[in-house]
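Visitor: This is the structure, below, for whatever I ask next.
The values are calculated or read from the model by the stated rules, or taken from the named source; none is laboratory data. A quick note: this is a predicted structure, and the numbers were derived from the prediction, not measured. Please note: Cβ atoms are built from the backbone with ideal geometry, for glycine as well, and neighbour counts cover all protein chains shown.
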Amino acid sequence: MSRARAQVTTRSSRSPAARSAKPARRRPPAKTNDLPRIPLPEGLVRQIRNWTLGLFVVAALIGGVIAMGVPQMVGLAAAHGLGDMGFVVRNIQLTGLKQVDRDTVYRIVSEAHGQDMPLVDLAQVRQQLLQLGWIADARVSRRLPDTLAIDLVERVPAAVLQRNQQLSLIDAEGNILAPVEPHTMPVQLPLVIGEGVEGHINALHELIASQAPLKQLIDGATWVGKRRWDLRFQSGETLSLPEGDAAARQALATFVKKDQEARLLGQGYVRIDMRDPKQMVIRTSRDPGTKITDPVPPAATQA
(Lines give C-alpha, C1' and ligand atoms only; values in the text may rest on other atoms or scores of the structure.)
Protein backbone atom coordinates (compact mmCIF):
# COMPACT_ATOMS: atom_id res chain seq x y z
CA MET A 1 0.00 0.00 0.00
CA SER A 2 2.78 2.41 0.77
CA ARG A 3 4.40 1.57 -2.51
CA ALA A 4 1.32 2.61 -4.46
CA ARG A 5 1.16 5.91 -2.56
CA ALA A 6 4.73 6.61 -3.42
CA GLN A 7 4.05 6.06 -7.08
CA VAL A 8 1.07 8.42 -6.96
CA THR A 9 3.13 11.03 -5.25
CA THR A 10 5.85 10.81 -7.89
CA ARG A 11 3.45 11.18 -10.75
CA SER A 12 1.56 14.07 -9.17
CA SER A 13 4.74 16.04 -8.57
CA ARG A 14 5.26 16.50 -12.37
CA SER A 15 2.78 19.24 -13.29
CA PRO A 16 1.66 19.86 -16.91
CA ALA A 17 3.69 23.11 -16.98
CA ALA A 18 6.78 21.28 -15.95
CA ARG A 19 6.20 18.67 -18.61
CA SER A 20 5.78 21.28 -21.37
CA ALA A 21 8.85 23.39 -20.40
CA LYS A 22 11.79 23.19 -22.84
CA PRO A 23 15.43 23.84 -22.16
CA ALA A 24 16.46 27.51 -22.83
CA ARG A 25 18.46 28.19 -26.04
CA ARG A 26 21.77 29.96 -25.91
CA ARG A 27 21.78 33.38 -27.66
CA PRO A 28 24.61 33.96 -30.14
CA PRO A 29 27.07 36.67 -29.15
CA ALA A 30 26.22 40.16 -30.46
CA LYS A 31 28.03 41.18 -33.66
CA THR A 32 30.27 44.20 -33.54
CA ASN A 33 31.52 46.43 -36.40
CA ASP A 34 34.65 47.52 -34.65
CA LEU A 35 37.62 47.22 -36.96
CA PRO A 36 40.73 45.73 -35.60
CA ARG A 37 42.99 48.42 -34.26
CA ILE A 38 46.49 48.56 -35.66
CA PRO A 39 48.88 49.67 -33.03
CA LEU A 40 51.11 52.57 -34.14
CA PRO A 41 54.51 53.21 -32.78
CA GLU A 42 54.60 56.06 -30.32
CA GLY A 43 57.24 57.87 -32.38
CA LEU A 44 55.11 57.83 -35.54
CA VAL A 45 52.09 59.25 -33.72
CA ARG A 46 54.24 62.05 -32.36
CA GLN A 47 55.57 62.87 -35.88
CA ILE A 48 52.05 63.02 -37.34
CA ARG A 49 50.98 65.44 -34.63
CA ASN A 50 54.04 67.62 -35.21
CA TRP A 51 53.50 67.73 -38.99
CA THR A 52 49.82 68.64 -38.58
CA LEU A 53 50.69 71.45 -36.21
CA GLY A 54 53.47 72.64 -38.53
CA LEU A 55 51.18 72.75 -41.57
CA PHE A 56 48.61 74.72 -39.58
CA VAL A 57 51.24 77.25 -38.52
CA VAL A 58 52.54 77.61 -42.12
CA ALA A 59 49.01 78.18 -43.44
CA ALA A 60 48.41 80.82 -40.80
CA LEU A 61 51.67 82.59 -41.70
CA ILE A 62 50.82 82.57 -45.43
CA GLY A 63 47.37 84.01 -44.74
CA GLY A 64 48.89 86.75 -42.62
CA VAL A 65 51.46 87.62 -45.28
CA ILE A 66 48.75 87.89 -47.95
CA ALA A 67 46.55 90.00 -45.68
CA MET A 68 49.42 92.44 -45.11
CA GLY A 69 49.96 92.80 -48.88
CA VAL A 70 53.47 91.46 -48.84
CA PRO A 71 53.17 89.79 -52.31
CA GLN A 72 52.01 93.08 -53.80
CA MET A 73 54.90 94.91 -52.21
CA VAL A 74 57.31 92.31 -53.50
CA GLY A 75 55.79 92.63 -57.00
CA LEU A 76 56.05 96.42 -56.92
CA ALA A 77 59.63 96.20 -55.76
CA ALA A 78 60.45 93.81 -58.61
CA ALA A 79 58.69 96.07 -61.15
CA HIS A 80 60.58 99.12 -59.92
CA GLY A 81 63.76 97.12 -60.09
CA LEU A 82 63.10 96.35 -63.75
CA GLY A 83 62.29 100.01 -64.30
CA ASP A 84 65.64 100.99 -62.87
CA MET A 85 67.22 98.61 -65.37
CA GLY A 86 65.63 100.56 -68.25
CA PHE A 87 62.30 98.73 -68.71
CA VAL A 88 60.24 101.92 -68.75
CA VAL A 89 57.64 103.05 -71.34
CA ARG A 90 59.41 105.74 -73.35
CA ASN A 91 57.92 105.10 -76.80
CA ILE A 92 54.35 104.48 -77.97
CA GLN A 93 53.96 102.86 -81.38
CA LEU A 94 50.55 103.23 -83.11
CA THR A 95 49.50 101.25 -86.19
CA GLY A 96 46.18 101.02 -88.01
CA LEU A 97 45.24 104.61 -87.22
CA LYS A 98 43.28 106.11 -90.15
CA GLN A 99 39.97 107.72 -89.23
CA VAL A 100 39.98 107.90 -85.44
CA ASP A 101 41.26 111.12 -83.90
CA ARG A 102 44.96 110.72 -83.14
CA ASP A 103 44.93 113.14 -80.20
CA THR A 104 42.12 111.17 -78.53
CA VAL A 105 44.11 107.96 -78.80
CA TYR A 106 47.26 109.61 -77.44
CA ARG A 107 45.37 111.00 -74.46
CA ILE A 108 44.37 107.47 -73.51
CA VAL A 109 47.76 105.83 -73.94
CA SER A 110 49.81 108.76 -72.63
CA GLU A 111 49.01 107.70 -69.06
CA ALA A 112 51.30 104.72 -69.58
CA HIS A 113 54.20 106.92 -70.66
CA GLY A 114 56.95 106.87 -68.06
CA GLN A 115 55.57 103.89 -66.16
CA ASP A 116 57.63 100.84 -65.35
CA MET A 117 56.87 98.37 -68.10
CA PRO A 118 55.55 95.57 -65.83
CA LEU A 119 53.09 97.98 -64.19
CA VAL A 120 51.26 98.96 -67.39
CA ASP A 121 47.72 97.50 -67.33
CA LEU A 122 47.36 96.33 -70.92
CA ALA A 123 43.75 95.19 -70.49
CA GLN A 124 42.68 98.55 -69.10
CA VAL A 125 44.34 100.46 -71.96
CA ARG A 126 42.57 98.20 -74.47
CA GLN A 127 39.16 98.67 -72.84
CA GLN A 128 39.57 102.44 -72.94
CA LEU A 129 40.43 102.33 -76.63
CA LEU A 130 37.40 100.15 -77.40
CA GLN A 131 35.15 102.89 -76.02
CA LEU A 132 35.93 104.95 -79.12
CA GLY A 133 33.29 104.46 -81.82
CA TRP A 134 35.75 104.05 -84.68
CA ILE A 135 37.72 101.24 -83.05
CA ALA A 136 36.49 97.69 -83.60
CA ASP A 137 39.46 96.01 -81.93
CA ALA A 138 42.75 96.97 -80.30
CA ARG A 139 45.84 94.91 -79.50
CA VAL A 140 48.12 96.31 -76.81
CA SER A 141 51.48 94.68 -76.12
CA ARG A 142 54.89 95.37 -74.62
CA ARG A 143 57.98 95.50 -76.79
CA LEU A 144 60.91 95.40 -74.47
CA PRO A 145 62.71 97.29 -73.32
CA ASP A 146 60.78 100.59 -73.64
CA THR A 147 58.02 100.48 -76.29
CA LEU A 148 54.26 100.09 -75.88
CA ALA A 149 52.81 98.80 -79.19
CA ILE A 150 49.17 99.50 -80.05
CA ASP A 151 47.59 98.01 -83.18
CA LEU A 152 44.12 99.37 -84.01
CA VAL A 153 41.42 97.83 -86.20
CA GLU A 154 38.97 100.51 -87.32
CA ARG A 155 35.37 100.07 -88.39
CA VAL A 156 34.38 100.75 -91.99
CA PRO A 157 31.61 103.33 -92.54
CA ALA A 158 28.69 101.90 -94.51
CA ALA A 159 26.06 104.65 -94.41
CA VAL A 160 25.14 108.06 -93.02
CA LEU A 161 22.40 107.96 -90.39
CA GLN A 162 20.01 110.90 -90.09
CA ARG A 163 18.30 111.13 -86.72
CA ASN A 164 16.90 114.15 -84.90
CA GLN A 165 18.31 116.38 -87.64
CA GLN A 166 21.81 115.10 -86.90
CA LEU A 167 24.07 113.12 -89.21
CA SER A 168 26.36 110.30 -88.08
CA LEU A 169 28.56 107.76 -89.80
CA ILE A 170 27.60 104.13 -89.03
CA ASP A 171 29.10 100.81 -90.04
CA ALA A 172 27.37 97.73 -91.44
CA GLU A 173 26.51 96.49 -87.93
CA GLY A 174 24.86 99.80 -87.03
CA ASN A 175 27.60 101.08 -84.72
CA ILE A 176 27.71 104.87 -84.64
CA LEU A 177 31.23 105.96 -85.54
CA ALA A 178 31.29 109.75 -85.47
CA PRO A 179 29.14 112.78 -86.23
CA VAL A 180 29.44 114.28 -89.70
CA GLU A 181 28.60 117.69 -91.13
CA PRO A 182 26.35 117.97 -94.20
CA HIS A 183 29.08 119.58 -96.28
CA THR A 184 31.53 116.78 -95.44
CA MET A 185 29.11 113.87 -95.86
CA PRO A 186 30.64 111.18 -98.11
CA VAL A 187 28.70 111.13 -101.34
CA GLN A 188 29.43 107.43 -101.91
CA LEU A 189 27.48 106.42 -98.80
CA PRO A 190 23.67 106.22 -98.74
CA LEU A 191 21.71 108.40 -96.34
CA VAL A 192 19.48 106.13 -94.22
CA ILE A 193 16.44 107.20 -92.23
CA GLY A 194 13.90 105.37 -90.09
CA GLU A 195 13.45 103.91 -86.64
CA GLY A 196 15.58 100.82 -86.15
CA VAL A 197 17.37 101.24 -89.48
CA GLU A 198 20.76 100.64 -87.79
CA GLY A 199 20.00 96.92 -87.53
CA HIS A 200 19.32 96.56 -91.27
CA ILE A 201 22.31 98.19 -92.94
CA ASN A 202 23.71 94.83 -94.05
CA ALA A 203 20.36 93.90 -95.57
CA LEU A 204 20.27 97.22 -97.45
CA HIS A 205 23.74 96.66 -98.91
CA GLU A 206 22.82 93.14 -100.01
CA LEU A 207 19.65 94.48 -101.62
CA ILE A 208 21.54 97.16 -103.57
CA ALA A 209 24.33 94.74 -104.48
CA SER A 210 21.79 92.42 -106.08
CA GLN A 211 21.37 95.09 -108.79
CA ALA A 212 24.85 96.56 -109.15
CA PRO A 213 23.97 99.05 -111.95
CA LEU A 214 21.73 100.96 -109.51
CA LYS A 215 24.38 101.42 -106.83
CA GLN A 216 25.69 104.71 -108.20
CA LEU A 217 22.16 106.04 -108.74
CA ILE A 218 20.79 105.50 -105.21
CA ASP A 219 20.98 108.51 -102.94
CA GLY A 220 19.49 107.05 -99.78
CA ALA A 221 16.97 104.70 -98.19
CA THR A 222 14.17 104.90 -95.62
CA TRP A 223 13.24 101.98 -93.37
CA VAL A 224 9.45 102.33 -93.34
CA GLY A 225 7.38 100.98 -90.47
CA LYS A 226 10.22 98.69 -89.33
CA ARG A 227 9.36 96.31 -92.18
CA ARG A 228 10.28 97.53 -95.69
CA TRP A 229 12.43 99.92 -97.78
CA ASP A 230 11.88 103.07 -99.78
CA LEU A 231 14.85 103.78 -102.07
CA ARG A 232 15.58 107.35 -103.13
CA PHE A 233 17.37 108.01 -106.41
CA GLN A 234 19.61 110.94 -107.22
CA SER A 235 17.23 111.89 -110.03
CA GLY A 236 14.46 112.50 -107.46
CA GLU A 237 12.29 109.36 -107.62
CA THR A 238 11.32 107.20 -104.65
CA LEU A 239 10.92 103.46 -105.21
CA SER A 240 8.63 101.69 -102.70
CA LEU A 241 9.54 98.03 -102.22
CA PRO A 242 7.47 95.25 -100.57
CA GLU A 243 8.17 93.58 -97.24
CA GLY A 244 10.64 90.73 -96.99
CA ASP A 245 14.16 90.41 -98.36
CA ALA A 246 13.26 88.01 -101.16
CA ALA A 247 10.23 90.02 -102.28
CA ALA A 248 12.24 93.26 -102.20
CA ARG A 249 15.03 91.78 -104.35
CA GLN A 250 12.50 90.43 -106.84
CA ALA A 251 10.72 93.79 -107.07
CA LEU A 252 14.00 95.63 -107.54
CA ALA A 253 15.02 93.24 -110.33
CA THR A 254 11.67 93.85 -112.02
CA PHE A 255 12.16 97.60 -111.71
CA VAL A 256 15.60 97.42 -113.33
CA LYS A 257 14.15 95.41 -116.22
CA LYS A 258 11.31 97.87 -116.78
CA ASP A 259 13.65 100.84 -116.47
CA GLN A 260 15.80 99.39 -119.24
CA GLU A 261 12.72 98.91 -121.38
CA ALA A 262 10.81 102.14 -120.69
CA ARG A 263 13.37 104.42 -119.00
CA LEU A 264 11.56 105.23 -115.76
CA LEU A 265 14.33 107.20 -114.05
CA GLY A 266 14.95 110.79 -115.00
CA GLN A 267 11.41 111.36 -116.33
CA GLY A 268 10.20 113.57 -113.50
CA TYR A 269 8.22 110.91 -111.64
CA VAL A 270 7.67 111.36 -107.89
CA ARG A 271 7.10 107.80 -106.65
CA ILE A 272 7.25 104.36 -108.19
CA ASP A 273 5.24 101.95 -106.06
CA MET A 274 6.05 98.25 -106.41
CA ARG A 275 4.57 96.94 -103.17
CA ASP A 276 2.00 95.00 -105.18
CA PRO A 277 3.86 92.32 -107.18
CA LYS A 278 1.07 92.28 -109.80
CA GLN A 279 1.42 95.91 -110.85
CA MET A 280 3.60 98.97 -110.78
CA VAL A 281 2.05 102.33 -109.89
CA ILE A 282 3.81 105.53 -110.89
CA ARG A 283 2.82 108.77 -109.22
CA THR A 284 3.57 112.12 -110.72
CA SER A 285 3.09 115.62 -109.36
CA ARG A 286 -0.08 116.04 -111.44
CA ASP A 287 -2.06 112.83 -111.19
CA PRO A 288 -2.69 110.37 -108.33
CA GLY A 289 -1.21 107.39 -110.12
CA THR A 290 -0.76 105.53 -113.35
CA LYS A 291 -0.58 101.77 -113.78
CA ILE A 292 2.31 100.61 -115.94
CA THR A 293 2.00 97.34 -117.82
CA ASP A 294 4.59 95.45 -119.79
CA PRO A 295 5.54 97.40 -122.92
CA VAL A 296 4.01 96.25 -126.19
CA PRO A 297 6.61 95.45 -128.86
CA PRO A 298 6.34 97.57 -132.02
CA ALA A 299 4.38 96.12 -134.92
CA ALA A 300 6.40 94.58 -137.68
CA THR A 301 6.64 96.80 -140.78
CA GLN A 302 5.53 95.40 -144.08
CA ALA A 303 7.94 95.39 -146.95
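Visitor: In the stretch 186-198, which residue that is part of a loop (DSSP other than H, G, I, E, B) and buried (at least 18 other Cβ atoms within 10 Å of the Cβ) is farthest from the chain's Cα centre (by Cα)?
Guide: The qualifying residue farthest from the chain's Cα centre (by Cα) is Pro190.
Visitor: Out of the residues in the stretch 211-269 meeting the condition of being part of a loop (DSSP other than H, G, I, E, B) and of a type in the set (Asp, Glu), tell me which one is nearest to Val160 (Cα to Cα).
Guide: Glu237
Visitor: Hey, among Asn175, Asn164, which residue is surrounded by 13 or more Cβ atoms within 10 Å (Cβ to Cβ) and either farther than 22 Å from Leu241 by Cα or not assigned by TED's automatic domain parsing to the domain that holds His113 (or both)?
Guide: The unique qualifying residue is Asn175.
Visitor: Does Ile201 satisfy the condition of being within 23 Å of the chain's Cα centre (by Cα), touching a residue at least 40 places away in the same chain (Cβ under 8 Å), over 30 Å from Val89 (Cβ atoms) and surrounded by fewer than 16 Cβ atoms within 10 Å (Cβ to Cβ)?
Guide: Taking the combined requirement at face value, the residue does not satisfy it.
Visitor: Please state which of the following conditions Pro186 fails to meet, knowing it meets all the rest: (1) modelled with pLDDT under 90; (2) not assigned by TED's automatic domain parsing to the domain that holds Thr238.
Guide: (2)
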